[in-house]
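The values are calculated or read from the model by the stated rules, or taken from the named source; none is laboratory data. The model shown is predicted, which means the values in this text are computed figures rather than measured ones. Cβ atoms come from the backbone with ideal geometry, glycine included; neighbour counts cover every protein chain shown.
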């Protein structure tokens, strides 16, 4: 931004220089012309003064400090009006399509939401929990699975928060604490670097099950953030962790695993990246190839773990993080019978490919569980029901006025009732002991 313009006259030659762009100019070219025009006027004034006085002015220097205070003229905003350019962040297209709409207010059948974050999003607020349970009642959501039960005291606090008043409405998956009492800045001190880590975690998982836990959640930091003492990233398929995955199979704990991220997050943030707007707001979500493993390497490592532990059920979060490539997800489901997937925060991707997505959901109806990544505002939940149940066209996937995960709208899949039942709750009941009884009690209360 141009803060100071300096113009001067020396030995019959005028000159100008400036630090940076003028904040009220729309381009560097305009700034230069503006500065040169001002310089020329000052030069003519100086020459006239010299002629009148007969004095030699070796140097005339004038500093103009620019500001954006009220009253200072500024260029019009780049809002697309009156022939002006339009900033992408100001793009708010209003569709003119006139098509049938089915604004569903609840799911057609009772729902088990396998992917929620009640600590991360509600911060253990009792009032917010009460409000969300009321929302669950309105939307026919029988049970939510909170993935925020980190082993240790956090799990105990989370149990108290969710189960004191709503024991039948929530299940909890626990998380691993890779760092433990170690120094976060010194991986050599982390708990996961101790040789007995996996054995102790297996014991903690068994204890957590006795206290009511139902599974394990692995976050994307596993593979993209946690490191070894030499600075290298922890490998997802490191055999040091095998006793943990084996213990989950023995305990009947499904593992919901978030590995990697959308394809666009591993591509350069440039004009060809279809998620440029999102990444421009969140550059920390980008994983450049010179600093991180490739997306393909991460997913391959995850798949090797799935293959090594056929008696453990793995739930691929966010459509196994390949919602842009359902053909590849189908190959994984064919190859790994212990893998299932869920669509949390991915209806934006699935809904722009409704033909492929519908074929996928019909073929793999027994391998998909429901998830949202919530708790979300009520309006966003309605888009999930609309996406799965209706044939609606070109509708939003988020309540936010600017689409947060891609500049497009989505289309409904119109799934048949038998498939909806499987996705909404029947598949989850097969995975989690005790869930069937909760669903039955929910249905009895709502008769």
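So, of the residues in the stretch 285-321 that are free of Cβ contacts under 8 Å to residues at least 24 places away in the same chain and in a loop (DSSP other than H, G, I, E, B), which turns out to be surrounded by the fewest Cβ atoms within 10 Å (Cβ to Cβ)? That would be 290. Every condition in (1) assigned by TED's automatic domain parsing to the domain that holds residue 157; (2) part of a loop (DSSP other than H, G, I, E, B); (3) touching a strand residue (DSSP E or B) at 6+ places or on another chain (Cβ under 8 Å) holds for residue 124 except the one numbered (3). Note on the stretch 243-263: among residues that are in contact with a helix residue (DSSP H, G or I) (Cβ under 9 Å, 6 or more places away or on another chain) and surrounded by fewer than 20 Cβ atoms within 10 Å (Cβ to Cβ), the one that is nearest to residue 199 (Cα to Cα) is 243. Pairs are defined by a Cβ separation below 7 Å, a sequence spacing of at least 6 or placement on different chains, a first member in the stretch 166-189 that is at negative phi and assigned to a loop (DSSP other than H, G, I, E, B), and a second member that is modelled with pLDDT under 95 and exposed (fewer than 15 other Cβ atoms within 10 Å of the Cβ); the pairs so defined are 177/152. The number of residues in the stretch 191-225 that are under 28 Å from residue 288 (Cα atoms), part of a loop (DSSP other than H, G, I, E, B) and either touching a helix residue (DSSP H, G or I) at 6+ places or on another chain (Cβ under 7 Å) or without any contact (Cβ under 8 Å) to a residue 24 or more places away in the chain (or both) comes to 1.
Given the structure, is residue 162 in the same structural domain as residue 437 (by TED's automatic domain parsing), touching a strand residue (DSSP E or B) at 6+ places or on another chain (Cβ under 6 Å), part of a helix (DSSP H, G or I) and surrounded by 13 or more Cβ atoms within 10 Å (Cβ to Cβ)?
In short, yes.
Residues that are touching a residue at least 60 places away in the same chain (Cβ under 8 Å), under 23 Å from residue 324 (Cα atoms) and not in a loop (DSSP other than H, G, I, E, B) within the stretch 402-426 comprise 410, 420, 423, 424, listed in sequence order. Filtering the stretch 427-447 to residues that are part of a helix (DSSP H, G or I) and without any contact (Cβ under 8 Å) to a residue 60 or more places away in the chain leaves 430, 436, 437, 440, 444, 445.
Quick check on this structure: which one of 278, 274, 324 is within 23 Å of the chain's Cα centre (by Cα) and crowded, with 20+ Cβ neighbours inside 10 Å? Of the residues listed, the single one that is within 23 Å of the chain's Cα centre (by Cα) and crowded, with 20+ Cβ neighbours inside 10 Å is 278.
Taking the criterion of being under 17 Å from residue 104 (Cβ atoms) and in contact with a helix residue (DSSP H, G or I) (Cβ under 6 Å, 6 or more places away or on another chain), the only residue of the stretch 399-409 that qualifies is 399. Among the residues of the stretch 136-151, the one identified as part of a loop (DSSP other than H, G, I, E, B) and within 17 Å of residue 248 (Cα to Cα) is 151. In this structure, is residue 119 touching a strand residue (DSSP E or B) at 6+ places or on another chain (Cβ under 9 Å), closer than 29 Å to residue 395 by Cβ and in a helix (DSSP H, G or I)? Spelling it out, it is not the case that residue 119 is touching a strand residue (DSSP E or B) at 6+ places or on another chain (Cβ under 9 Å), closer than 29 Å to residue 395 by Cβ and in a helix (DSSP H, G or I).
Rundown of residues vs (1) in contact with a strand residue (DSSP E or B) (Cβ under 8 Å, 6 or more places away or on another chain); (2) buried (at least 22 other Cβ atoms within 10 Å of the Cβ); (3) under 26 Å from residue 307 (Cβ atoms), yes/no style:
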{"residue": "347", "(1), (2), (3)": "yes, yes, no"}
{"residue": "351", "(1), (2), (3)": "yes, yes, no"}
{"residue": "366", "(1), (2), (3)": "no, no, yes"}
{"residue": "381", "(1), (2), (3)": "yes, yes, no"}
{"residue": "384", "(1), (2), (3)": "no, yes, no"}
{"residue": "414", "(1), (2), (3)": "no, no, no"}
{"residue": "418", "(1), (2), (3)": "no, no, no"}
{"residue": "432", "(1), (2), (3)": "yes, yes, yes"}
{"residue": "441", "(1), (2), (3)": "no, no, no"}
